[in-house]
Structures are given as structure tokens and as C-alpha cells.
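First up is the structure itself, then whatever we jot down about it.
Readers should treat all values here as calculations from the given coordinates under stated rules, not as data from a laboratory. None of the values given here were measured: they were computed from a predicted structure. Cβ placement follows ideal geometry from the backbone for every residue including glycine, while neighbour counts extend to all protein chains displayed.
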Amino acid sequence: MAYKCELGNGQQVYIDNQGMQTVVTLASGGIGQQQQASTSLQTGKWNVPPTLFKTASGVILRIESEQGQSFVQLQAGGISTISGAPSLSNAEVLSLQQVEATPSQGMAPMEPMKPMEPMQPMEPMEPMKPMKMGNMEMNMNPMEMRMGNMSMQMGTNSGRRFCSQCGATVTASDRFCSSCGFQL
Ligand SMILES: [Zn+2]
């Protein structure tokens, strides 16, 4: 179980008792750009939850453990132990919140990238089949549309003609329709 305190100005302090150590983490900044500085102190196992004091000279953390009292000065610049008991007579006690644990340093470590699977070669596209609806026929390549006797062509297919007998696509150089044999 760790303890958390909002120090204001977007700063939080996390205090955790890990074994014989007290881990003090100062976190600042918003989500995604959070900066953390951790310090481990040999304080021993806590007897009681830690206490944070706000004094004129900064925030002071008091740890009471089997080894006695330890005082830690918390500043934006860092965390340092104080030898001896500081004057806390006019200090304001800051309320601590219990949290599961100190959040892990910064962003979660990235999972190693999976090697890329080799690209599957593209299957050759099946040629589009002409689409027929009633007396309407549509071809995709070249784009053309036929309805009854009307035909519409789109794109650069000027060399293409249609057999006047069966409507099959023929080229301008064809003399006979390849579909029905009609003489063009
Ligand atoms: Zn024909």
C-alpha cells in the first residue's frame, strides 16, 4: 500500500514502503508528459502511515518506523533527508490518500514489436465480368455501357468498335467480328 498526496501545481508525491525502504516519488506534469523522480531511503518498516507537513521551508515527510523517525524534505528540485527533527510546530498536516502502488515510471514500457509478417503476394485480379441487367450491359475495362442499341464508352478506348450484328467488342482493324463472324 502506498500513499499519495497532491502538492498542488500539478505535483503529486507518492510514498511507498518497500521492504526496509521508503520510496518517495515526486511526479509532476500531466498525463502522457509526466515526470517522476524517485528516491529510496533506508528507513525500515513503517510503524504508522507517513505524515506530510507543509512548512515555510517546504514539504516535509515524516516516517515513523522501527528505526525511529526519519524526516525527508520534498522539493521540486529533489528529495533529501533531513538530519535531526525539523521544527513542525507551525506546520500544516497534508492529507494522504491511500493508493494501490506508486505508478510505474512514466509511460508503460513498449512491447517489443512483432516482426512484420511477409506480405502475401497479391492474387492477380480476376478480370471483371461484364454486368448484365435486362437490356443493359456494363463493362468495366474499358468502361462502357450499353442499353439496347445505345452504347456509351468512357476512357481511352477509341480503337474499340462494336459488332453491329451481335454487339461484341471488336477492334477497328478487325474485318470480321470475332464473336459471330459478321463482316464489319
Ligand atoms: Zn458479331
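Structure data summary
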| item | result |
| --- | --- |
| Whole-percent pair-distance distribution, where bins are 5 Å wide, for the alpha carbons of segment 33-84 | 5, 19, 27, 26, 15, 7, 2, 0 |
| Ordering of 11-21, 170-180 by packing [mean C-beta count within 10 Å, highest first] | 11-21, 170-180 |
| Relative exposure of Glu137, Glu123, judged by other C-beta atoms within 10 Å (fewest first) | Glu123, Glu137 |
| Using θ = phi - 60° and Karplus 6.51 cos²θ - 1.76 cosθ + 1.60, couplings along segment 145-150 (whole Hz; Gly, Pro as x) | 9, 10, 10, x, 8, 8 |
| Amide H within-cut-off set for Arg161, under 5 Å, with H built and near neighbours excluded | Val170, Thr171, Ala172 |
| Volume of the Cα convex hull of segment 2-99, divided per residue and given in Å³ | 97 |
